[in-house]
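Step one of this worksheet: look at the structure below.
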Amino acid sequence: MKKFFVIALLAILGFYLTIAFLQIPFGQNRLGQPQDEATVGAYYLNNTKEKSAVSNVVTAIVVNYRGFDTLGEVTVLFLASTGLASILYRRKEEEVERINKPSSSLLQTGSKFLFPLVVLLGIYVFIHGHLTPGGGFQGGAIIATGFLLMLIAYQKYHVSHSMLTWVESLAGVLFVSIGLWGLITGGTFLENSYFPKGVLNSLISGGAIPIIYIAVGFKVAAELTGVLDILLNTKEEKSVPSNQNEK
Amino acid sequence: MMEYLKYIGQGLIVFGSLFLFLGALGIFRMPDFYNRLQAGTKASTLGAMSLILGVGFIQPEWMIKSLIIVVFIAVANPLSSHALGRSAYKNNLKPFMKKKMDAYEKVAEILPKEEDRL
């Protein structure tokens with residue numbers, strides 16, 4: 001009975017998927033040229049400039065046209081880091097020991113100098129996500145490497161996990177609330193045309209797209225930093241005195 | 001004025017790519033890890049710095065950015081090679097030597113223990 005039910009469900013699903021896919025003409029060039037108006041790529045290339053005032057079309061596709069997908073990606077990363085934290089995170093700092101060995105004082109001093117520059121590069125990458133290649137994910141990963149440098153150089157360097165959680169949650173709430181604002185004003189989730197657009201090719205342009213990318217950057221940076229901090233810690237092996245066991 | 005800046009920049013780029021090539025040759029040609037590290041780091045630090053400075057001379061509006069990158073390379077490149085060489089030495093990677101010359105062995109006795117410092 002159960003098997004029959006499953007097969008019937010699969011058959012219904014397959015039937016509707018086949019109908020949906022049969023409407024797409026097979027073997028034709030759907031990506032196409034910018035001149036050919038009927039294709040998908042032409043739509044993006046021709047309409048991004050006027051509709052969302054973003055000079056980087058890839059960013060417009062990732063954050064605006066497929067913004068829901070990006071929200072899903074960020075959620076996947078959040079779930080991965082949360083799962084890792086729930087398995088490996090230790091609340092008491094006395095029980096924790098670092099994997100890495102002590103580093104030289106040259107490395108410690110140098111990484112103190114390099115850390116702000118790395119964070120600056122990360123912020124630059126995600127603020128300019130709608131103008132240049134790069135964006136929230138890349139900038140967040142760069143910031144996390146800066147934290148990794150400090151974590152490796154200093155054994156006593158600890159990142160506050162409550163602050164990471166706050167940053168991550170606020171960034172996620174900002175992303176979703178921008179999407180809901182688009183739903184209220186424009187009728188679709190992450191609708192961008194109701195935000196002030198700004199001038200094309202300047203820093204303040206593209207409506208909500210830079211704000212979303214900044215939120216994504218903070219979120220990814222907080223998540224990856226938390227993952228790295230957790231992975232670098234091991235639990236200290238408690239040495240049990242032998243004579244206590246004998247008594 | 002702009003013409004001269006452009007020529008200076010092009011000269012710096014040629015100079016830098018020459019040194020990057022020499023660094024690659026050194027990595028290919030040198031016998032062991034420490035020599036390769038030294039060749040790669042010294043040559044590629046100078047090469048990359050002068051190449052990026054040359055870009056800054058050709059496009060004067062990028063000068064501040066390229067100066068920041070030059071400072072970053074000047075600190076990061078020797079630092080990373082120091083960390084690599086030190087960890088290789090700590091993990092008992094033997095250098096290729098014709099004569100027995102290990103200066104760090106004598107210095108390491110004088111230096112304070114690393115476990116005390118953290």
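Quick notes on this one:
- Filter pass, A:N192 being farther than 21 Å from A:L228 by Cα and open to solvent by less than 40 Å² (accessible area, probe 1.4 Å): yes
- Checking each residue in region A:89-126 for being more than 14 Å from chain B (Cβ to nearest Cβ) and under 25 Å from the mean Cα position of the chain (by Cα) picks out A:Y89, A:R90, A:F126.
- One residue alone among A:S81, A:S52, A:S86 is open to solvent by 90 Å² or more (accessible area, probe 1.4 Å) and either at pLDDT below 85 or within 23 Å of the chain's Cα centre (by Cα) (or both), and that residue is A:S86.
- Sole residue being more than 27 Å from A:L79 (Cβ to Cβ) and open to solvent by 30 Å² or more (accessible area, probe 1.4 Å), chosen from A:L149, A:L121, A:L183, A:L114: A:L121
- Filter pass, A:K2 being of a type in the set (K, R), out of contact with any Cys (no Cβ under 7 Å at 6 or more places or on another chain) and closer than 30 Å to B:P78 by Cα: no
- Here A:N29 clears all of (1) in a loop (DSSP other than H, G, I, E, B); (2) modelled with pLDDT of 80 or more; (3) of a type in the set (S, T, N, Q) except the condition numbered (2).
- A:S160 fulfils the conditions (1) of a type in the set (S, T, Y); (2) within 14 Å of chain B (Cβ to nearest Cβ); (3) within 16 Å of A:N233 (Cβ to Cβ) except for a single criterion, (2).
- Residues satisfying the stated conditions in region A:161-188, i.e. part of a loop (DSSP other than H, G, I, E, B) and touching a Gly at 6+ places or on another chain (Cβ under 9 Å): A:T188
- Qualifying residue in region B:12-21 (condition: over 14 Å from the mean Cα position of the chain (by Cα) and buried (at least 20 other Cβ atoms within 10 Å of the Cβ)): yes
- Residue in region A:92-105 that is part of a helix (DSSP H, G or I) and either open to solvent by less than 60 Å² (accessible area, probe 1.4 Å) or out of contact with any Pro (no Cβ under 9 Å at 6 or more places or on another chain) (or both) present: yes
- Sole exception among (1) open to solvent by 80 Å² or more (accessible area, probe 1.4 Å); (2) without any contact (Cβ under 8 Å) to a residue 40 or more places away in the chain for A:S177, by number: (1)
- Those residues of region A:195-209 which are of a type outside the set (F, W, Y), open to solvent by 20 Å² or more (accessible area, probe 1.4 Å) and touching a Gly at 6+ places or on another chain (Cβ under 8 Å), in sequence order: A:P196, A:K197, A:G198, A:I204
- Per the listing B:A43, B:A39, B:A48, B:A76, the residue uniquely without any contact (Cβ under 8 Å) to a residue 12 or more places away in the chain and buried (at least 16 other Cβ atoms within 10 Å of the Cβ) is B:A76.
- Within region B:60-73, tally of residues that are within 11 Å of chain A (Cβ to nearest Cβ) and either touching a residue at least 40 places away in the same chain (Cβ under 8 Å) or outside any helix (DSSP H, G or I) (or both): 0
- Filter pass, A:F195 being within 19 Å of A:L71 (Cβ to Cβ), outside any helix (DSSP H, G or I) and at pLDDT below 80: yes
- Hey, B:K99 at pLDDT 90 or above and exposed (fewer than 15 other Cβ atoms within 10 Å of the Cβ) or not: no
- Filter result (aliphatic (A, V, I, L, M) and in contact with a Ser or Thr (Cβ under 7 Å, 6 or more places away or on another chain)) within region A:64-123: A:I99, A:V118
- Among residues of region A:59-74, those that are without any contact (Cβ under 8 Å) to a residue 60 or more places away in the chain and either surrounded by 21 or more Cβ atoms within 10 Å (Cβ to Cβ) or not acidic (D, E) (or both), counted: 4
The values are calculated or read from the model by the stated rules, or taken from the named source; none is laboratory data. Keep in mind that what you see is a predicted model, and the values were worked out from it rather than measured. As a convention, Cβ positions derive from the backbone with ideal geometry for all residues, glycine included, and neighbour counts pool all protein chains shown. We work out accessible area using only protein heavy atoms, side chains counted, and drop any ligands, DNA or RNA first. Shrake-Rupley method; radii C 1.70, N 1.55, O 1.52, S 1.80 Å.
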